[in-house]
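Everything below concerns the one structure shown next.
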Amino acid sequence: MTSSEKKIMQASAALALFFGVTQNAFAMHIMEGYLPLSHCIAWDAVCIPVAVWGVLSIRKTVDQHRRTLLLLAMSGAFIFVISSLKIPSVTGSCSHMTGTGLAAILFGVPVTSVLGIIVLVFQAILLAHGGLTTLGANTFSMAVLGPLVTWLLYVLGGKLRVNRKVSIFLAASLGDLFTYCVTSVQLALAYPSASGGVGASAVKFLSVFAPTQVPLAVLEGILTVLVIIGLESYAQPELRELAAAREGAKHE
């Protein structure tokens, strides 16, 4: 292991210790059994094509560019650690950072979806955070649509020549917020309001999430920028190889 790789691993361990040691395990994404079976199946079906695409992309990238494996592992660890910082917000769910913005910026949405699934499975089994029946719903919000918004905003920022750090901050923050917009809609579809239907229920869920989620989204944006700065300082070879992998994918 090179000197830069050791520093990255040490930073990851410190981040895990900082966020992980004081957290309780009772809070959840959308918890086990909270959604109707038909909803669970539908969300699973929507996520499967993206996950398959992600697995194929990971396999190809790692086979051809081995150095990217370190960045891939760190991105997954970042998602696991940062999404374990949770604040109970509403019955059946909670507010927390997602951590998927970093992976979306580095690797794109399909790869992020696979990392998100792995993290969600481990959290459901080991931390009682989320659930296996609601895996598809949680994946769709946290590891598909949220990262998609992050990636689109980051690409748009580059095309508009926005300052790169500002672009990263906005992309990660707004991707986090959009995740909770999707979660609110998912909960509203499962539990529509008797008086106003799905729309009224979604507004209610959003209003409960907002006080805790907005500052968490800002914090996630800041952390993502700091991690990118750290990678640019200590993982230049890995970032160059990742850039080469992306360039190769464009010409295929």
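The values are calculated or read from the model by the stated rules, or taken from the named source; none is laboratory data. Since the model is a prediction, treat every value here as computed from it, not as a measurement. No Cβ is skipped: glycine too gets one built from the backbone with ideal geometry, and neighbour counts run over all protein chains shown.
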For ALA124, which of the numbered conditions (1) among the small types (Gly, Ala, Ser); (2) over 18 Å from SER75 (Cβ atoms); (3) surrounded by 24 or more Cβ atoms within 10 Å (Cβ to Cβ) fails to hold? (3)
For residues that are under 9 Å from HIS29 (Cβ atoms) and assigned to a loop (DSSP other than H, G, I, E, B), scanning just region 127-143, find the one that is modelled with the lowest pLDDT. HIS129
Mind listing whichever residues of region 177-199 are more than 22 Å from CYS40 (Cα to Cα) and part of a helix (DSSP H, G or I)? LEU177
Could you tell me which numbered condition THR22 fails, if it satisfies all but one of (1) part of a helix (DSSP H, G or I); (2) among the β-branched types (Val, Ile, Thr); (3) at pLDDT below 85? (1)
Would it be correct to say that ALA210 is surrounded by 21 or more Cβ atoms within 10 Å (Cβ to Cβ), among the aliphatic types (A, V, I, L, M), under 19 Å from the mean Cα position of the chain (by Cα) and within 23 Å of SER84 (Cβ to Cβ)? no
Taking the condition of being part of a loop (DSSP other than H, G, I, E, B) and over 18 Å from ALA188 (Cβ atoms), how many residues in region 34-85 meet it? 6
For residues that are touching a residue at least 60 places away in the same chain (Cβ under 8 Å) and in contact with a Ser or Thr (Cβ under 8 Å, 6 or more places away or on another chain), tally how many sit in region 158-172. 3
